[in-house]
Amino acid sequence: MFVHPLPLAAAEPTTNDKAPTRLALGGVGGAYFLAEPGELIIDLEKQDRNRQPAALTLRAILVGPDRHLLQDITIADDGNTEKGKPGPIQRARLVTKVERQGVYVLTVTAARDPYGRNVYWGFRTNCPHYMIETARGHRDAVHEEPIELANPDRPCDICFVPRNGQFTMEITRLPKDVDALQVYDGRNQLIETLDVNTDGKATHTFPAGARRDTDFWRLHLPRQYATVQIDGLTRWNRDDLSPDVCLWTPDPSAFFPMAEYGWLLAPYSRTVYGKPGQQGEISFKVQNKSFVEKTIDLSLEFPNTPWPAELSATKVVIPPRQDQQIVLRYTVPSEGQTAVCHLRARPEARPGFSTYSTVTVKAGAAPASKPLAIPMVLKPYTLENEQFGYVPAYPVEKQMYFDLKNRPCIRTDAGLTMLRDGNWSTTDLGRAIAPHVAPSAIGTIGVPSTKVAFDRDGDLYILASAAKAFFLLHSRDEGKTFTAYPIPVHKSGRQTLDMEVFTGHNLSDGPPPILRCTRTAKDPKVFWRSVHDLELLCPTKVDGRIVMPEPVLLSKSAIGLSSHSGIPSCVVSRGDKVHVVWGEATDPEKEVPGVPAFVATYDRATGKFGDPVLVAYGPPANDIHNTPSITIDSGGYLHVLAGTHGRAFPYTHSLKPNDAHSGWSEAVPTGEDLQQTYIGLVCGPDDTLYTVFRLWNRGKEPFPTSYYAALAFQRKRPGQPWEAPQALIVPPLSEYSVYYHRLTIDRTGRLFLNYEHWSTYWFYRKDNQLWRRALMMSPDGGSNWKLVETSDLLPTVADSKAR
């Protein structure tokens, strides 16, 4: 078989074509190597299957235990134009010097082929311990990673950790001369023989618990030609050891417990800056991903002369499926100097295994304090901290909003975090709520929306869920305490809530209007088509208390709300007028140019809704991605971008201020041949419109042989057409990306963009253990951008120009 240990003594081993050298793997993914000091050699092979006309380039990225980049290579297309004929085997070698034991990582991707349907790949190595992870690109379906093998001339073993509970094994596509397969435990004792039927399929269900007292089981295939599905390995439940991770090895002697211990530490590295002699702290998570308690020994290693750094603990005991924080305290070295140390983690139960994270401390100002060179080009594992020393003191998990004094606040899973008197503090909502309902109805607080709203009195509002109910939380003391008001529950269907937030020129006189979107039908034939009831609630404030009205129905055919990226604003108000925009599902049998975007106005004074006005179509039709967005300018004119999925956004505006029913301009695209998705839209103090979105690029650097999705910015000055888009962030990997971006604006007109890069490749995403979000800002309407420091967020009341 192809994976075959090379002699450790060989300084420059060469491929032995007479040796059993090929493991032909379908799909993409990567491998983990538990490497000892010395030279690590990986000989990588690629064979194009030539099932598609597009040229295919394989990319291999080797990083160390701290995920610092070691090598980044490509193997070009084989040049074969004969469709369906496999090309020649192409080879490349990756070599690195291992200074200290740890888990080294190889990522394998394929340009224009994120599912690896057009390539076979494999490797051999001098590292005695390695685990393969089968991991393709994401699909809009339940995740599974079947192991596809395609070298019938060689046998193959699949060594894997079996699920503790009952599980089923299905092997298909077996050659006709294979009539039985064997399953062994780690002691090489036979567990079961699987009969193969005439269709080349073997299936067996193993009972819970039995024979789980060894590290792994081994499935033996007489011929390496099959598709293998194993519950707990290639398809998962949430309580499996490693959900969404398909870890296995073809060599029993190569197995090591990567699933239990491979991700002991997070982050993998941290780079910090400071003044000489300054003291600081860095938090790390020590993670126990197993089902039993683990004791982990911790130590610091200094590659050069030791310097002032110490750990808060040298041993931690971690309960199953939990993690524990430890702190590394450090002193910044002298001017112009850099200090490095490695945090070593070693499980007591596995003294032969260890890995490490790297800490780099530099004297001086962090590059994060300076304007960014746009676009920011991310490299694999080399993101904002590694490039710029970005270490935010505030939560980055959600977007930032600003109260009337221009103080930032963030709705987090832990509660509400605000900057008060120069310090960040978090309100625990579970302790801060004084409910107007029975206390038992509150319970654990959920986050149905990450938006934060303010009214003209400075009162603060957020949405919460608990015990299958929804609440509007109202604070009259700047987010220190809250009163919970129940939101009426729809009788059926999955519900999504949205509410008005500040987008530049809207400031509600009272509680924010709330949208309730309830799915009433899911189309089994059109994947992105669902039908929803869309309702508006306009709560009022009477003597400091909130009065929650019954919802008003806007539509029974709404397509739904897509708010994970862009957080489009679907409702704005001025005075008594509440303006709502939404997209509708249409009859799939009828051809329409896209999702129709409707706007309607509710008059709080009269309690009446105007008839919905069709203002634009966002292509394609019946696609929930195409949520439109609305904002209002200083003169009261309404501006709408219709949502699209890979097309240019149509733009239109109202012909009269604060009026959705007296005409709209003709909808025009924001540009030619733009592939935009996920609207973020705000309006600046001078009425310039700003939008941030995902933008597809094809055949352009840095991925000229493929395509990629950038996070891009565009603006429209008053009376001018939309300017050409500008890429803000270029991803580290080609193919599909999304950024879960959220664009907000403060009371002085500064733009704030919260985001993270999310790659299609499961291997890269699952290995990137931390939630890698960041926050950038533009103080000048998008001309310049920088990563946000707390010092950027220290306004005074005099600085605020609240509207």
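The values are calculated or read from the model by the stated rules, or taken from the named source; none is laboratory data. Everything numeric in this text was worked out from a predicted model, so none of it was measured. Neighbour counts are summed over all protein chains in view; Cβ atoms, including those assigned to glycine, are modelled from backbone coordinates with ideal geometry. The accessibility values were calculated without ligands, DNA or RNA, using every heavy atom of the protein model including side chains. Shrake-Rupley method; radii C 1.70, N 1.55, O 1.52, S 1.80 Å.
Okay, here's what the table says:
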item: Members of region 597-609 found to be of a type outside the set (D, E, K, R) and part of a loop (DSSP other than H, G, I, E, B), listed by number; result: 605, 606, 607
item: Residue tally, condition out of contact with any Pro (no Cβ under 7 Å at 6 or more places or on another chain) and either more than 23 Å from residue 762 (Cα to Cα) or not in a strand (DSSP E or B) (or both), over region 690-712; result: 11
item: Meets criteria (assigned to a loop (DSSP other than H, G, I, E, B), surrounded by 15 or more Cβ atoms within 10 Å (Cβ to Cβ) and on the phi < 0 side of the Ramachandran plot) for residue 174; result: yes
item: Selected residue [closer than 30 Å to residue 129 by Cβ and over 27 Å from the mean Cα position of the chain (by Cα)] from 314, 338; result: 314
item: Selection within region 38-65 - among the acidic types (Asp, Glu) and out of contact with any Pro (no Cβ under 9 Å at 6 or more places or on another chain); result: 39, 45
item: Members of region 308-324 found to be part of a strand (DSSP E or B), more than 30 Å from residue 215 (Cα to Cα) and open to solvent by less than 80 Å² (accessible area, probe 1.4 Å), listed by number; result: 309, 311
item: So residue 285, is it of a type in the set (Lys, Arg), under 21 Å from residue 326 (Cβ atoms) and either open to solvent by 50 Å² or more (accessible area, probe 1.4 Å) or at pLDDT 95 or above (or both); result: yes
item: Hits in region 210-224 - residues which are open to solvent by 20 Å² or more (accessible area, probe 1.4 Å) and in contact with a Lys or Arg (Cβ under 7 Å, 6 or more places away or on another chain); result: 214
item: Test for residue 535: is it among the charged types (D, E, K, R), surrounded by 19 or more Cβ atoms within 10 Å (Cβ to Cβ) and closer than 30 Å to residue 713 by Cβ; result: no
item: Region 653-675, subset touching a residue at least 40 places away in the same chain (Cβ under 8 Å) and within 14 Å of residue 714 (Cα to Cα), residue nearest to the chain's Cα centre (by Cα); result: 674
item: 1 or more residues surrounded by fewer than 19 Cβ atoms within 10 Å (Cβ to Cβ), in contact (Cβ under 8 Å) with a residue 60 or more places away in the chain and out of contact with any Cys (no Cβ under 9 Å at 6 or more places or on another chain): qualifying strands (runs of 3 or more DSSP E) within region 341-437; result: 355-363, 423-427
item: Exclusive hit being in contact with a Lys or Arg (Cβ under 6 Å, 6 or more places away or on another chain), under 30 Å from residue 699 (Cβ atoms) and aliphatic (A, V, I, L, M), set 89, 61, 75; result: 75
item: Residue in region 253-276 that is more than 29 Å from residue 342 (Cβ to Cβ) and either open to solvent by 10 Å² or more (accessible area, probe 1.4 Å) or out of contact with any Leu (no Cβ under 8 Å at 6 or more places or on another chain) (or both) present; result: no
item: Residue check, residue 104 touching a Phe, Trp or Tyr at 6+ places or on another chain (Cβ under 6 Å) and at pLDDT 95 or above; result: yes
item: Lone qualifier among 309, 368, 313, 266 - being hydrophobic (A, V, I, L, M, F, W, C), more than 30 Å from residue 709 (Cα to Cα) and touching a Phe, Trp or Tyr at 6+ places or on another chain (Cβ under 9 Å); result: 309
item: Answer residue from region 60-76, given it is without any contact (Cβ under 8 Å) to a residue 60 or more places away in the chain and under 18 Å from residue 122 (Cα atoms) and is most open to solvent (accessible area, probe 1.4 Å) among those; result: 74
item: Inter-residue pairs, beta-carbon under 8 Å, first at pLDDT 95 or above and in region 211-230, second aromatic (Phe, Trp, Tyr) and open to solvent by 40 Å² or more (accessible area, probe 1.4 Å), 6+ apart; result: 217/184; 218/184; 220/184
item: Of residues in region 613-662 being charged (D, E, K, R) and in a loop (DSSP other than H, G, I, E, B), the one nearest to residue 560 (Cα to Cα); result: 623
item: Filtered residue count, region 31-59, keeping only those that are under 18 Å from residue 88 (Cβ atoms), among the aliphatic types (A, V, I, L, M) and either part of a strand (DSSP E or B) or open to solvent by 10 Å² or more (accessible area, probe 1.4 Å) (or both); result: 3
item: In region 82-117, the residues that are at positive phi, in contact (Cβ under 8 Å) with a residue 60 or more places away in the chain and open to solvent by 20 Å² or more (accessible area, probe 1.4 Å); result: 112
